[in-house]
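The values are calculated or read from the model by the stated rules, or taken from the named source; none is laboratory data. Note that the coordinates shown come from a computational prediction; the quantities given were computed from them, not determined experimentally. Cβ atoms come from the backbone with ideal geometry, glycine included; neighbour counts cover every protein chain shown. Surface accessibility is based on the protein's heavy atoms, side chains included, excluding ligands, DNA and RNA. Shrake-Rupley method; radii C 1.70, N 1.55, O 1.52, S 1.80 Å.
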Amino acid sequence: MLKRSLLLSLFLAAGSVQAEQKAPDLEKGKLTAEGICAGCHNPDGNSPLPANPKLAGQIPEYLAKQLTEFKSADGNPPVRVNAVMNGMAMALTDEDVINVAHYFGSQTLQPAVAKNGETIEWGQKLWRAGDATKGLPACAACHGPAGKGLPAQFPRLSGQFAEYTAAQLKAFRAGERANDPAKMMQMIALKMTDKEIEAVSDFIAGLR
């Protein structure tokens, strides 16, 4: 009897916690996007500039993780350092982060395109198979064959600006970005030359 009462109490407590978790408010997320994010990423997350990533259609959990790690907390520096985004993210509450991440995730991506026909096959090979001779794994192993990503750690890459993807790989390689799980991307990027980075980034831009 005591065991049954304990199980019932635990069940009711779990239900109470779930009830307290609010669903993302996309309308509030839209207001945040229009008021804070639009200058660099456009109101719908389809950035017009290659230096700024496309956020439309991105995995919401991944976006929320990045926004959270751009913020300093408890007197500690932010996990992900970027002069512009560190300031922008500090203006967001935890609720704002969830709302705007889900809002951008709900928008339709207007994908970039591959531009270098001479490296498409090479980029495709790196994406699909990596390079076993240097211990370089396939990008598709974590980001999926179509580049749609995997919540919440691995972002959608397909259709992203080649310039932005290349810049992030080089930042991982240089240790300028270090918020990847278990330093996975840092170790991968260290195995890549500039030419490999540029080839696979261009292929990713045209990946559908």
Quiz item: Given a 1.4 Å probe and every protein chain left where it sits, what share in percent of the accessible area of the stretch 117-206 is carbon and sulfur?
Solution: 59 percent
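Find the accessible area per residue for the chain; the probe is 1.4 Å, ligands and nucleic acids are left out, and the unit is Å².
On the way: 11890 Å² over 208 residues.
Accessible surface, normalised per residue, equals 57 Å².
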Quiz item: Roughly what percent of Cα-Cα pairs across the stretch 26-106 reach past 16 Å?
Solution: 46 percent
Quiz prompt | Placed amide H near ASP131: partners under 5 Å, 5+ positions off or other chain | solution = LEU136
Quiz item: Taking the Cβ of LEU109 as the center, what net charge do the other residues with Cβ under 15 Å away carry, scoring Lys and Arg +1 and Asp and Glu -1?
Solution: +3
Practice problem: Can you tell me the relative contact order of the chain? Whole percent, Cα pairs under 8 Å, sequence separation 6 or more. | Solution: 22 percent
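Using the alpha carbon gyration tensor of the stretch 117-206, what are the three equivalent-ellipsoid semi-axes (square root of 5 times each eigenvalue), largest first, in whole Å?
Numbers: eigenvalues 60, 45, 35 Å².
Those come to 17, 15, 13 Å.
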Practice problem: Kindly express, to the nearest 10 degrees and within the range 0 to 90, the angle between helix 94-105's C-alpha long axis and the longest C-alpha principal axis of the chain. | Solution: 50 degrees
Quiz item: Where does helix 120-129 land angle-wise versus the long Cα axis of the chain, in degrees 0 to 90, nearest 10?
Solution: 50 degrees
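Report the FRET efficiency, 1/(1 + (r/R0)^6), for SER72 and ASP194, where r is their Cβ-Cβ distance and R0 is 41 Å, rounded to 0.05.
On the way: r = 32 Å, r/R0 = 0.78.
Efficiency, rounded to the nearest 0.05: 0.80.
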Quiz prompt | Dimensionless Rg ratio for the chain, taking C-alpha atoms and the 2.2 N^0.38 Å reference | solution = 1.17
Quiz prompt | Flagged links, alpha-carbon separation over 30 Å, of LYS71/LYS125; LYS125/LYS170; LYS30/LYS183; LYS28/LYS183; LYS30/LYS125; LYS148/LYS170 | solution = LYS71/LYS125; LYS30/LYS183; LYS28/LYS183; LYS30/LYS125
Quiz item: Pairing the Cα long axis of helix 2-20 with the longest principal axis of the chain, what angle in degrees results, from 0 to 90 and rounded to the nearest 10?
Solution: 60 degrees
